[in-house]
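Input: a single structure, listed below in C-alpha cells.
The values are calculated or read from the model by the stated rules, or taken from the named source; none is laboratory data. Small disclaimer: the values here were computed from a predicted structure and weren't measured. Reconstructed Cβ throughout: ideal geometry from the backbone, glycine too, with neighbour counts over all protein chains shown.
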Amino acid sequence: MLMKTRAVRRPRRPWDPAVRWADHALHTVVPGRHPRRDVRPDEPLRVLMPRGLASLAKESGIGAAIRHQESAVRSLGHVVVTNPLRPFDVVHLNTPFPDTPVLARWARLWRRPVLVWAHSTEDDFRDSFPGSNRLAPLFRRWISHIYRRGDLVVTPSTYSRDLIAAPKYGLTAPIRVLSNGVDTRFFRPDPEARGRLRESLGLGPTSTVVVSVGMQLVRKGILDWVEVARCMPHTTFVWYGRTDERLLTSEVEHALRTAPSNAQFPGYVRPEQLREAYCGADAFCFLTKEETEGIVLWEALACGTPTLVRGIPIYRDAMPDGVLTHQVSGDDPGFPDRVATKLAALLDGELVDLREAGRQAAESVDLLQVARQIQEIYALVGAQPHRRLRRKR
C-alpha cells in the first residue's frame, strides 16, 4: 500500500530577503536588453545623463554643455534619466572623470548606445592648473581611453574634431560635430540691462564696462586681461567666474592679488546675472588662448554684445576678424597694448558694428537646432525604446 507524502516546508533562511531584493532589482530596476514590444513610432527615449562626478563640473563649460543637452533632449519629448540603475535607452557621457568609463561599460553591458562628448583635448588642458603642462600627455591618453568607449564621439567644432582625429588619440568610432549651442530665447538683447548692471556694480550711469566670463586660468587669458585693465584705468573690467583657490597657479594668484582697482571679480553668478552682464556691458573681451568652442562667446553674441577675442585658430577659421567678432592675434609682451588699442576703438564706435551678425550666428546654433541634430544622432546609433524584464509568475 502506497502512503501519501506530505510536502515538507523549507525552513526560512536569513539571507532570503536579500536574495528576493537582488532578484527584484535584476528584473525591475536594472533595464532589460530587449526592445519594448508594440512600441509606438513616437515613443520617447529614456536618455541617461548621469550626475555622479559630473556635478563637480557644474561651474565649468562642460557643466553648461550638460545643461544644454538636457534642455535639447527634453524639447524632443524624451525623458532625462540621471540614475544609471534606472531603465535607459541611450547614454550621454560628458566628463573626463573616473566614473565615465565605468558608466560606458555599464551601458555596453545592457547593449545601449554610448555617446561620448569630446569637450576636452590635450591642448586645452595645458595652462589650466598647477602641473597641467607636465600632465598634458597623460591627460590625452586618459581622455583617448574615454573617447574610445563611445559608439559615436560628439565634439563641438570642426577645429576640435581635427585635433581628436589625430593618430595619437587612436579613435576609431565615428566623430560628429555638434555645437554645444545657446538658448537664444534666454540670452537676448535687453537695452534696459545697462542701468541695472551699473547699479549692481556701484557705478555711475555713464561708466564704461567691459566683461569677460570663465574660470580663472592662464589658458582663459586672465593674465593678459588684467594687463589690459591696467592699460585702461578709466574703464571698469569685470570677470565673472572663479576657480577653487587650491587649483590656482602662482601666476594667476599674483595677477588677482595685484590687479588694478578698475578690475572686479564677482565670482560665479547665476545665469540671470550673467545675461544682465552681457546685455549691460559695453563690450565682451574674451582673451582665451585655446577653446574647443566657447559657450560664453555664443552667449555674448546672442545678447548683441560688441565682442573682441584673441585671434586663435578656432576663431580665425570659423569667424574671421570683422565678420562676427573683432580679433587681436598674438601671445607676446605687446599683446595687451594692442588689445587695449583695439578695444578703445571698439568702445568709441570706430570699428564695424557686428552685433546683428553675431545675433544671427547665435540663432543658427540655438538649442532647438541642436536638438534636431541630436535626434539624427540617435537614429544613427540605433537608439530605440527598451522594456524592463518582468518576473514570470
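Structure notes:
- Look at the range 285-311: where a residue is at positive phi and a partner is at pLDDT 95 or above and of a type outside the set (A, V, I, L, M, F, W, C), sitting 6+ places away or on another chain with Cβ atoms under 6 Å, you get G304/P189; G304/R355; G304/R359.
- Yes/no for V352 being farther than 30 Å from E199 by Cβ, free of Cβ contacts under 8 Å to residues at least 40 places away in the same chain and surrounded by 18 or more Cβ atoms within 10 Å (Cβ to Cβ): no
- Any pair with Cβ under 8 angstrom, 6 or more apart, that starts in the range 356-369 at a residue that is under 18 Å from S75 (Cα atoms) and surrounded by 19 or more Cβ atoms within 10 Å (Cβ to Cβ) and ends at one that is at pLDDT 95 or above and hydrophobic (A, V, I, L, M, F, W, C): V365/V182; V365/W298; D366/V182; L367/A72; L367/V182
- Of D331, D348, all but one fail to be on the phi < 0 side of the Ramachandran plot and modelled with pLDDT under 95; the exception is D331.
- Within the set R140, R134, the sole residue that is among the basic types (K, R), without any contact (Cβ under 8 Å) to a residue 40 or more places away in the chain and surrounded by fewer than 20 Cβ atoms within 10 Å (Cβ to Cβ) turns out to be R134.
- Condition met for L203 (out of contact with any helix residue (DSSP H, G or I) (no Cβ under 6 Å at 6 or more places or on another chain) and closer than 29 Å to L56 by Cα): no
- As for the range 111-125, it holds at least one residue that is within 27 Å of A165 (Cβ to Cβ), aromatic (F, W, Y) and at pLDDT 95 or above.
- The range 160-214, subset within 20 Å of V269 (Cβ to Cβ) and either in contact with a Pro (Cβ under 7 Å, 6 or more places away or on another chain) or among the aromatic types (F, W, Y) (or both), residue surrounded by the fewest Cβ atoms within 10 Å (Cβ to Cβ): G195
- Any chance L324 is in contact with a helix residue (DSSP H, G or I) (Cβ under 7 Å, 6 or more places away or on another chain), more than 28 Å from A255 (Cα to Cα), touching a residue at least 12 places away in the same chain (Cβ under 8 Å) and assigned by TED's automatic domain parsing to the domain that holds A283: yes
- In summary, F186 fulfils each of the numbered conditions (1) in contact (Cβ under 8 Å) with a residue 12 or more places away in the chain; (2) assigned by TED's automatic domain parsing to the domain that holds S261 with the single exception of condition (2).
- Note on the range 125-230: enclosed helices (runs of 4 or more DSSP H) holding 1 or more residues that are out of contact with any Ser or Thr (no Cβ under 8 Å at 6 or more places or on another chain) and under 27 Å from Q369 (Cα atoms) are 132-147, 158-164.
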